[in-house]
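What follows is a set of notes on a single structure, which appears directly below.
The values are calculated or read from the model by the stated rules, or taken from the named source; none is laboratory data. Just so it is clear, the structure is predicted and the values come from calculations on it, not from any experiment. Neighbour counts are summed over all protein chains in view; Cβ atoms, including those assigned to glycine, are modelled from backbone coordinates with ideal geometry. Remember, those area values only see protein heavy atoms, side chains included, never the ligands or the DNA or RNA. Shrake-Rupley method; radii C 1.70, N 1.55, O 1.52, S 1.80 Å.
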Amino acid sequence: FFLFSNSTTQQKHSPKKMKTTAVLATAAVATLSVLSSPVSAADCEVCIKVMQDVRDSMDKADVKSKPKVEAALGTYCSSDNLGPREKKICYYIDPIKRDVAQPFSTGMPVDRVCKRIDKTNSEICGVKFPVKTEKLEPKDLSKLRVKQLKSILADRGVECTGCLEKDEFVKKVQETEHLAGTDEF
């Protein structure tokens, strides 16, 4: 490697400087690969379900047409039998139907469509289905992560103040089992 200065003299980089540059470049690449890691299917589960339902409701020939994809999204979202989470995804997708229809019409898989539109509105992949706890026994609850237990309590509108150990969260989930039936926003 040579460095050209304004006076057109050539200077060699020192080996120490080259090693430092190489280490920094490697660290930057590693950081970018971690930050740009793909969103897993579990992160966009409601969006993926909605996109798959829309794709399943369409004729195979119509999937390639952007206006027909937009119309199918509108038809799906105007349906009366949608759950609250699907309605929320429709609320987020409605203003960006054209942005959704473009990758959708190219035949892109639904998980990648959701990842792409998540860049436009980061709340899209934040909508998740609640964790089902009706048929779980206490030993099954202890297999869940604390993050999932906290999510269950948040869905029920309960806060576990003073809970530090996993057992305390499990106990609180069991105590609030009577609140599990409410699934509204």
* Given region 52-128, what helices (runs of 4 or more DSSP H) lie entirely inside it while holding 2 or more residues that are more than 30 Å from residue 154 (Cα to Cα)? -> 66-77, 97-105
* Structure fact -> Subset of region 158-174, residues under 26 Å from residue 85 (Cβ atoms), open to solvent by 70 Å² or more (accessible area, probe 1.4 Å) and either of a type in the set (D, E, K, R) or not in a helix (DSSP H, G or I) (or both), comes to 159
* Working only within region 73-121, note down all residues that are touching a Phe, Trp or Tyr at 6+ places or on another chain (Cβ under 9 Å) and small (Gly, Ala, Ser). => 83
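A quick yes/no check of all residues on (1) modelled with pLDDT under 90; (2) surrounded by 18 or more Cβ atoms within 10 Å (Cβ to Cβ):
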site	(1), (2)
47	no, yes
64	no, no
72	no, yes
83	yes, no
86	no, yes
91	no, no
* Asked: From the residues in region 93-114 that are open to solvent by less than 80 Å² (accessible area, probe 1.4 Å) and under 23 Å from residue 130 (Cα atoms), which one is nearest to the chain's Cα centre (by Cα)?
  -> 114
* Asked: When only residues in region 130-149 that are at pLDDT 80 or above and under 18 Å from the mean Cα position of the chain (by Cα) count, which is surrounded by the most Cβ atoms within 10 Å (Cβ to Cβ)?
  -> 148
